[in-house]
Amino acid sequence: MSQPRVITPAPLCADAFAPFGDVLSIDAAVHTHTINYGQTLRFESAAVPDLSAQGGAPALSIFRSTPLPAPLTIKVMERHPLSSQAFYPLSNRPYLVVVAPKGVFDAAHIRAFLAAPDQGVNYHTGTWHHYLLALDAPSDFLVIDRTGPGPDCDEVHLQDKIIVDIPS
């Protein structure tokens, strides 16, 4: 077995994450306007859920993610060939986002991002990603994804060890 590859997460920002999906945050809003008689400020995102392929429909769920033991080792990646998938943190904690480009999976192109507690992500249809990665404690996420007929989750198990070095 070869030496483990170590990757360090970059801060999550819209430009760096664009090949994989959209960043959901007030700072990433593409349009802002007041509603509800001036009592509410609406921050509209550029994210557009893609959930209707093959008769799919939107589903809203809450996921609770438990941190993996250290050192954080990436062993599996998944993608949803029929839909996008959005996550927004509810627990006011940072979390880790690990992704790779659409298409044929290539572990050499895995990237990691450190998401702030006020940033969500919307993975584009077909983007490879690790499942939710809470860091310090179990964390809850609001999830918008697809429900419906047809298989919509492909997984690959990594042959070589990839360790994410999370700065303290």
Task: Set T73, T32: member being at pLDDT 95 or above and either in a loop (DSSP other than H, G, I, E, B) or more than 13 Å from the chain's Cα centre (by Cα) (or both) - done: T73
- [ ] Collect the residues in segment 3-38 that are farther than 21 Å from F113 by Cα and in contact with a Phe, Trp or Tyr (Cβ under 6 Å, 6 or more places away or on another chain), keeping them in residue-number order.
- [x] T32
Task: Residue, farthest from the chain's Cα centre (by Cα), within segment 92-148, restricted to residues that are among the hydroxyl-bearing types (S, T, Y) and either at pLDDT below 95 or surrounded by fewer than 19 Cβ atoms within 10 Å (Cβ to Cβ) (or both) - done: T147
TODO: Please verify whether segment 62-70 includes one or more residues that are part of a strand (DSSP E or B), surrounded by fewer than 16 Cβ atoms within 10 Å (Cβ to Cβ), touching a residue at least 24 places away in the same chain (Cβ under 8 Å) and aromatic (F, W, Y).
DONE: yes
- [ ] Scan segment 149-168 for residues that are loosely packed, with under 12 Cβ neighbours inside 10 Å and in contact with a Phe, Trp or Tyr (Cβ under 8 Å, 6 or more places away or on another chain) and report the count.
- [x] 0
- [ ] From the list A10, A57, pick out the single residue that is on the phi < 0 side of the Ramachandran plot, over 15 Å from the mean Cα position of the chain (by Cα) and surrounded by fewer than 16 Cβ atoms within 10 Å (Cβ to Cβ).
- [x] A57
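So, in segment 14-28, exactly how many residues are surrounded by 15 or more Cβ atoms within 10 Å (Cβ to Cβ) and either part of a loop (DSSP other than H, G, I, E, B) or of a type in the set (D, E) (or both)?
So the count comes out to 4.
The values are calculated or read from the model by the stated rules, or taken from the named source; none is laboratory data. Everything quoted here is computed from the prediction, not taken from an experiment. Neighbour counts are summed over all protein chains in view; Cβ atoms, including those assigned to glycine, are modelled from backbone coordinates with ideal geometry.
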